[in-house]
Amino acid sequence: MSARLHLVRHGQTPSNVAGALDTALPGAPLTGLGREQARLVGEELAGSGIAPSVVLSSEAARARETAGLVADEMALPTQPVPGLYEVQAGEFEMRTDSEAMLAYHRVVRDWLAEGGLDSCLPGGESALDVRERAMPVISELRAGHLDNGTDVVLVVHGTLMRMIAVFAGAVPSQWALDNSMPNCGVIELVPDGGGWSCSRWGDHPGPPVF
């Protein structure tokens, strides 16, 4: 089996429970449930037969904590990776009101449904900004690990991981818009020629069919 990139969303946080737009570093830690989610996905990955050399994560506290618990199940070290933080909410950071949430989701819809990649929140970032910071990292991981036959486990964030899958050409943008990712959900991307394919999307049974 080809080496694969396993994108894992972090476990539940108090900000998730409160419905807060928690996107800036370092962000909230995990809840008790979030830690249990992390242990369970670590156990699943450990039993799946993959062979990464390290569990990578964004620099956010919730991602690093999730990665540590996953790594414990796999007897591996962890390493944070710069540039893979969540899509930034800008002036809406840590707001919980419906106006802020609708504005954030409207921008993501603009990107994925309308193709408006330069749309952004005040003080936030566009899809072009996200692509510029995230995709070179993904390319480096492919060249340094996957192309050498080593799986990659990378703990990141819900909106970011969907955008990575779209930028990689592994799923259509409408699929990513319609299928959000739960805490500790997994997207599995496979190098496919010069591009990527998607072999897993959360709990969707089998590879997504478009």
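Please determine, by comparing only the residues of the range 43-54 that are of a type in the set (A, V, I, L, M) and assigned to a helix (DSSP H, G or I), which one is farthest from Q12 (Cα to Cα).
A46
Yes/no matrix, rows are residues, columns are (1) under 26 Å from W196 (Cβ atoms); (2) assigned to a loop (DSSP other than H, G, I, E, B); (3) open to solvent by 50 Å² or more (accessible area, probe 1.4 Å):
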| site | (1), (2), (3) |
| --- | --- |
| G11 | yes, yes, no |
| A24 | no, yes, no |
| V41 | yes, no, no |
| L56 | yes, no, no |
| G68 | no, no, no |
Enumeration of residues in the range 173-186 that are touching a residue at least 60 places away in the same chain (Cβ under 8 Å) and farther than 19 Å from E36 by Cα: S173, Q174, A176, L177
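The values are calculated or read from the model by the stated rules, or taken from the named source; none is laboratory data. Everything numeric in this text was worked out from a predicted model, so none of it was measured. Quick reminder, even Gly has a Cβ in these numbers, built from the backbone with ideal geometry, and neighbours come from all protein chains shown. Accessible surface is based on the protein model in full, side chains and every heavy atom, while ligands, DNA and RNA are left aside. Shrake-Rupley method; radii C 1.70, N 1.55, O 1.52, S 1.80 Å.
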